[in-house]
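Trainee: Encoded as structure tokens, here's the structure I'll be asking about.
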Amino acid sequence: MNRSLVFLVLALACAGCESTSSTEVGVRTCLFGILEKRGEQQVYPPGGVYMVMPFVNSWATLPIYQQNLLMNANTDEGDRPVPDDITFKTKDGNNVHIDVNIMWRINPERAADVISRVGHSVDEIKERVIRPVSRATIRDVFNKITSEEYYHVDIKNRVAAEAREMLEKELQPFGILVDSMQVQQHRFDPEYQAAIDAQKQAEADVQTLLEQQKNIVVQKQSELQAKRAEWNQKLEDSRGQAGRIRNEADAYASKRSNAAKALLAQAKAESDATRKEAEALNKLGGDSYVKMQLARQFSGKHIILVPQSNVSTMNINQIMGMILNEKAQQSSTASEPSASSEESKR
């Protein structure tokens, strides 16, 4: 009888043993209200083993690590096997399809509310609360902008932050914490996307033409600078050559001027000598000076004249001596009357 009681107690103990891992919490809910109020709940922390009376209590565990809700058009990446991206309509009436990733987790302190109000598993929590609330909130916020504003990164980021804040407020009463919300790829309707692509291509073409124009301007400026450098070099070379020619001309002119001055001085000296010689000839004794010069010219020289018809020779030296003696006599006779006249005057 005692053994049966022991086995019964052990069986009941084993049946009422529950545990939690390091990444989950446990929630015990009273079912009958025998020892406590019906529906009373208690949250058990991660990583423990707990005694929970069976039959009168229910036990559930919830993960508290971060979860992802991928609402994506690509069925290989999203949570559903069908396109699950969010579509919203802009203020100007265009449809925009965006891929969104919601990173969320269960608040450990509100795990009992999640069990009582949402569900007992991650899939139930996603489908019943997170997915519908997220899609509705994101649509409401992004509907406030236009298609053109969506292309501005600062506006897009501001609207995404606003949507995340609103989503946090919406999910907080359910015991859900939102860590991050990422707006990833976006797409427009095919017609509008074609118009956008055409506009982008036109803008790209205009930008290409502007870049080409800038390159041409830079190239022409470079060529102009090269030409200016070439012209400046030629100008400097011309100036240098002109300077050399001018210096050579100045040197030549100076040389010729000095030569002319020397020639002029020589001519002036010769003129002065000739003038003085002429003055000397006009004075008394000029004939004697001429004779002396002739004698000096012919002294030491033997001159013999040979006539054509007569082979007799003539001694020119004797003839010149005779001429000179006659000249001397004439000058002496001319000087004597002048001397007698001077004496008579006296």
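Trainee: What figure, in Å² to the nearest 10, do you get for the accessible area of residue 152 with a 1.4 Å probe and non-protein molecules left out?
Mentor: 90 Å²
Trainee: Give me the distance in nm between label points sitting 7 Å out from Cα along the Cα-to-Cβ direction at residue 250 and residue 91, one decimal.
Mentor: Reported label-point gap for residue 250 and residue 91 is 8.2 nm.
Trainee: Using 21 Å as the Cα-Cα cut-off, could you pick out the over-long pairs in 255/276; 91/126; 234/255; 91/156? Show your work: numbers first, answer last.
Mentor: Values: 255/276 31 Å; 91/126 30 Å; 234/255 31 Å; 91/156 14 Å.
Listed pairs above 21 Å: 255/276; 91/126; 234/255.
Trainee: Which net charge results for the neighbourhood of residue 192, defined as the other residues with beta-carbon distances under 12 angstrom from its beta-carbon, given Lys and Arg at +1 and Asp and Glu at -1? Provide the component values of the computation, followed by the final result.
Mentor: Working: positive: 89, 187; negative: 92, 148, 189, 191, 197.
My count for the surroundings of residue 192 gives -3.
Trainee: Next up: So what's the convex hull volume per residue for the Cα atoms of the range 10-87, in Å³? Write down the numbers at each step before the final one.
Mentor: Numbers: hull volume 12.0 nm³, N = 78.
With only Cα atoms used, the range 10-87 gives 154 Å³ per residue.
Trainee: Calculate how large, on average over all directions, the projected area of the Cα convex hull of the range 160-202 is; give the answer in nm² to one decimal. Intermediate values should be presented prior to the final figure.
Mentor: Working: hull surface 17.6 nm².
About 4.4 nm², averaged over all directions.
Trainee: If you take the Cα Rg of the range 46-114 and divide it by 2.2 N^0.38 Å, with N the number of residues, what do you get?
Mentor: Numbers: Rg = 19.3 Å, N = 69, 2.2 N^0.38 = 11.0 Å.
Against the compact-globule rule of thumb, the ratio is 1.75.
Trainee: Let me cross-check residue 220: its accessible surface, 1.4 Å probe, with only protein heavy atoms counted, in Å² to the nearest 10?
Mentor: Probe radius 1.4 Å; accessible area of residue 220 about 110 Å².
Trainee: Can you work out the PRE-style zone for residue 40? Point 7 Å along Cα to Cβ, and I want the residues of the range 55-84 with backbone N under 17 Å.
Mentor: Correct set: 55-59.
Trainee: Separate question: With bins 10 Å wide starting at 0, give me the P(r) of the range 136-281 over every alpha carbon pair, in whole percents.
Mentor: With 10 Å bins starting at 0, P(r) equals 8, 15, 12, 10, 8, 7, 7, 6, 6, 5, 5, 4, 4, 2, 1, 0.
Trainee: Can you tell me which aspartates and glutamates have their Cα less than 16 Å from the Cα of residue 220? Leave out same-chain residues fewer than eight positions away.
Mentor: 211, 230
Trainee: Now a separate question. Sorted by accessible area with a 1.4 angstrom probe, largest first, how do 147, 222 fall? Provide the component values of the computation, followed by the final result.
Mentor: Working: 147 0, 222 70 Å².
Ranked list, largest accessible area first: 222, 147.
Trainee: Two decimals, Cα atoms only, Kirkwood Rh: what is Rg/Rh over the range 25-70? Could you put the intermediate results ahead of the total?
Mentor: Working: Rg = 13.0 Å, Rh = 11.9 Å.
Value, to two decimals: 1.09.
The values are calculated or read from the model by the stated rules, or taken from the named source; none is laboratory data. A quick note: this is a predicted structure, and the numbers were derived from the prediction, not measured. Here the Cβ is made from the backbone with ideal geometry for all residues, glycine too, and neighbour counts use every protein chain on show. These accessible areas exclude ligands, DNA and RNA; they are computed on the full protein's heavy atoms, side chains included. Shrake-Rupley method; radii C 1.70, N 1.55, O 1.52, S 1.80 Å.
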